[in-house]
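Any read-out appearing in this document is the output of simple, stated calculations on the displayed coordinates, not a laboratory observation. None of the values given here were measured: they were computed from a predicted structure. Reconstructed Cβ throughout: ideal geometry from the backbone, glycine too, with neighbour counts over all protein chains shown.
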Amino acid sequence: MQLFDVYPLQPIHIERANGAWVWDTDGRKYLDMYGGHAVISIGHTHPHYVQRLTQQLGQIGFYSNSVHLPLQRELAETLGRVSGKPDYALFLCNSGAEANENALKIASFRTGRSKVVAFKGAFHGRTSLAVEVTDNPKIQAPVNQNGHAVFLPFNDVAALEQYFAAEGEQVAAVIVEGIQGVGGIRVADDDFLRAIRRLCDQFGAVFVADSVQCGYGRTGLFFAHDHAGVQADVYTVAKGMGNGFPVAGVLISPEFEAWHGMLGTTFGGNPLACAAALAVLEIIEGDSLMHNSAEIGAYLAPKIADSPIVTEVRGRGLMIGFEPTPEWSHLRQSLLRDDAVFTGEAKPNTVRLLPTLNLTREEADCFLEKLRHKTEK
Ligand SMILES: Cc1ncc(COP(=O)(O)O)c(C=O)c1O
């Protein structure tokens, strides 16, 4: 059987990894400034993570959601504390798209409405409604085009107010990333997030904070939306939550009432997934990784901005995007091929940095050194 060929692949065969580093089958060592799409939050093969998962696998790997699984409660309690949302309830699932599907479903159940406000440049996943509220018609099949989504300009308070004034009674939810990731590391303005909160309150709509990429401590606070001092009704998390183990969550404010059968999943919240998520939170908390993200991000970003081959830097903490000059439109490929550095991209030409949250000053310097070399060549 062949693999269904949907991914453009770099000609690299990755074999092992440690911290912020990965090695290919030829023994070449790469600096991972991308963490496999923001997934690696505590570093590759962190010893505590490996030990907790290994121990759990030997004890019980899976049982279904038909019995009490004590690790789920432990995870909910720990996540509530670390995220600063102890009064929210947790629904566990498997991916970012699935978390967003469930968040929007909860919003629709609660309001009895079916319109979702999303924004230009948004990415919320590739399944049913998640892709419908994603601003990319190329990845929407006809079955995904059901007229539920309305796309408004990002960071435009006036446009949002205007839409709500006309159609606010129809809106089930507003879904917004605190920092658009796939859209090019675009930070949501504080005023914009506050306007979403105000209008959702006024019109009885649900504020869904997609924190799949920008959340989990990456920006220095647990949620990127926290920088604006707003509380969303529902937060979705995935990526960094399991450091590579597929686990995702929906954090639901106490205003929502659950009923049996409302949501469900076979794999979501299985003991192995909970062990992975607990190991991640223990390390985020124990090693002050949110503080490290803020500190190393604040160190890196201005130094990147100083580079003569960079025209603009955006982001917060360890979620950084920058624009190379037109002569360096191939910068990403050059960093990978010539310097063994993984970075991400956002169309058309943004370089995205989403490294592990325990990136050290030395590793940041290593990246800066590689960038500096470019101007010497
Ligand atoms: C903001 C955001 N939401 C949702 C998703 C979808 O997550 P997943 O690929 O785990 O379904 C992504 C993935 O890149 C994302 O960046």
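Sorting Arg113, Arg372 by the number of Cβ atoms found within 10 Å of their own Cβ, with the fewest placed first, yields Arg372, Arg113.
Under a 5 Å amide H cut-off, with hydrogens placed 1.01 Å from N, Phe119 pairs with Leu152 among residues at least 5 apart or on other chains. The calculated Kirkwood hydrodynamic radius for the chain is 21.3 Å, given to one decimal from all distinct C-alpha pairs. FRET efficiency for the pair Asp189 and Phe151, taken as 1/(1 + (r/R0)^6) with r the Cβ-Cβ distance and R0 = 25 Å, rounds to 0.90.
Around the Cα centre of the chain, unit charges on the Cβ atoms of Lys, Arg, Asp and Glu (plus for the first two, minus for the last two) sum to a dipole of about 400 debye. Among Asn270, Asn243, Asn18, which one moves the most in a GNM of the chain with springs linking Cα atoms closer than 10 Å? Result for the chain, Cα springs under 10 Å: Asn18 fluctuates most.
If the reach is capped at under 20 angstrom between alpha carbons, list the lysines near Lys370, excluding any in the same chain fewer than eight residues apart. Excluding near neighbours in sequence, the set is Lys29, Lys303. Working note: Karplus 6.51/-1.76/1.60 with θ = phi - 60° gives the range 129-141 the couplings 6, 4, 7, 5, 8, 9, 7, 7, x, 4, 9, 9, 7 Hz, where Gly and Pro are set to x.
Radius of gyration (Cα atoms) of the range 140-208, expressed as a multiple of 2.2 N^0.38 Å: 1.15.
Taking other C-beta atoms within 10 Å as the exposure proxy, Ile106, Ile60 rank Ile60, Ile106 from fewest upward. Evaluating 6.51 cos²θ - 1.76 cosθ + 1.60 at θ = phi - 60° for every residue in the range 43-58, the Karplus couplings come out as x, 5, 6, 4, x, 5, 5, 4, 5, 5, 5, 5, 4, 5, 4, x Hz, glycine and proline recorded as x. Evaluated over the range 67-286, the count of Lys pairs having alpha-carbon atoms less than 25 Å apart is 10 (only pairs 8 or more residues apart or interchain). Measuring from centroid to centroid over Cα atoms, what is the spacing of the range 242-281 and the range 132-189 in Å? Here the answer is 25 Å between Cα centres.
Mean-square fluctuations from a GNM of the chain, with a 10 angstrom spring cutoff on Cα atoms, peak among Phe367, Phe123, Phe207 at Phe367. Counting only Cβ charges, +1 for Lys and Arg and -1 for Asp and Glu, the dipole size of the range 67-286 around its Cα centre is about 400 debye. Springs between Cα atoms under 10 Å define the GNM used for the chain, and in it the highest mean-square fluctuation of Gly58, Gly184, Gly215 occurs at Gly58.
Taking 7 Å along the Cα-to-C-beta vector as the label spot, tell me the Thr311-Gln231 distance in nanometres, rounded to one decimal. Roughly 4.3 nm, to one decimal. From least to most packed, judged by other beta carbons within 10 angstrom and beginning with the fewest, Thr266, Thr236 follow the order Thr266, Thr236. Taking the DSSP beta bridges with both ends in the chain, the antiparallel portion is around 65 percent.
Normalising the average separation of contacting C-alpha pairs (under 8 angstrom, six or more residues apart) by the number of residues puts the relative contact order of the chain at 23 percent. Remark: the range 161-272 carries a charge dipole of roughly 460 debye about the Cα centre, counting +1 on each Lys and Arg Cβ and -1 on each Asp and Glu Cβ. Could you tell me which residue out of Val131, Thr356, Tyr216 lies farthest along the dipole of the chain toward its positive end? Charges go on the beta carbon: Lys and Arg +1, Asp and Glu -1, centred on the Cα centre. Comparing the listed Cα positions along the dipole, Val131 ranks first. Both radii come from the Cα set of the range 67-286: Rg as radius of gyration, Rh as Kirkwood radius; their ratio Rg/Rh reads 0.95. Multiplying the residue separation of Ile139 and Glu376 by 0.36 nm and subtracting their alpha-carbon distance yields 81.3 nm. Between His291 and Ala165, the modelled labels are 4.8 nm apart [label points 7 Å from Cα along Cα→Cβ].
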